[in-house]
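Here is the structure we will look at, set down as structure tokens.
The values are calculated or read from the model by the stated rules, or taken from the named source; none is laboratory data. Just so it is clear, the model here is predicted, and its values are computed rather than measured. Note that we place each Cβ from the backbone using ideal geometry, even for glycine, and neighbour counts take in every protein chain shown.
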Amino acid sequence: MSLAEAGFQVSAPVLRERPPELAADPNREISNVANALAEQTAWTWQAVDLLLIDTARWYQEDALKIPAGDIDSVLAHRTAGTWVRLITITDAHGIQRHRSQGVAPPDLNLSDRD
């Protein structure tokens, strides 16, 4: 189900319950729902972007101060309660070095994308 369909399903019962003299223009109602969904989506993407930018800054500035074995748990803590399910840190050759969740599959090389 798309966001637009979900928004319509949410707004349709509201439109039917109003007396005719209070009923607003259905197009305006749908437009309001679409705008609200668009704003929420933008906020979600902005939060993800800020998390990634802050994680990159943290890794460059502070990761060397943390034992290598603890970096995965720090990444997991940074993603807790966010929309981000998994953060990985790879080296310049595409080899995954750290991961916020679980263990990386052996020999995973992100630079090999044929």
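Hey, any hits in segment 5-20 for a residue that's part of a helix (DSSP H, G or I), at pLDDT below 85 and β-branched (Val, Ile, Thr)?
yes
Pick from segment 67-101 the residues that are hydroxyl-bearing (Ser, Thr, Tyr) and part of a helix (DSSP H, G or I): which of them is farthest from TRP45 (Cα to Cα)? Before the answer, list the steps.
Of segment 67-101, the ones hydroxyl-bearing (Ser, Thr, Tyr) are 73, 79, 82, 88, 90, 100.
Cutting the leftovers down to part of a helix (DSSP H, G or I) gives us 73, 79.
Values: SER73: 24, THR79: 14 Å.
Of everything passing the filter in segment 67-101, SER73 is farthest from TRP45 (Cα to Cα).
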Take the residues in segment 75-110 that are of a type in the set (S, T, N, Q) and out of contact with any strand residue (DSSP E or B) (no Cβ under 8 Å at 6 or more places or on another chain), then tell me which one is surrounded by the most Cβ atoms within 10 Å (Cβ to Cβ). THR79
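Among the residues of segment 46-63, is there at least one that is assigned to a strand (DSSP E or B) and polar (S, T, N, Q)?
Pass one, segment 46-63, residues assigned to a strand (DSSP E or B): none.
Checked segment 46-63: no residue is assigned to a strand (DSSP E or B) and polar (S, T, N, Q).
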Answer with yes or no whether ALA23 is modelled with pLDDT under 90, surrounded by 11 or more Cβ atoms within 10 Å (Cβ to Cβ) and assigned to a loop (DSSP other than H, G, I, E, B). yes
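Mind listing whichever residues of segment 48-69 are of a type in the set (Asp, Glu) and at pLDDT 90 or above? Give the derivation first.
Here is the first cut: in segment 48-69, the residues of a type in the set (Asp, Glu) are 49, 54, 61-62.
Hits for segment 48-69 are ASP49, ASP54, GLU61.
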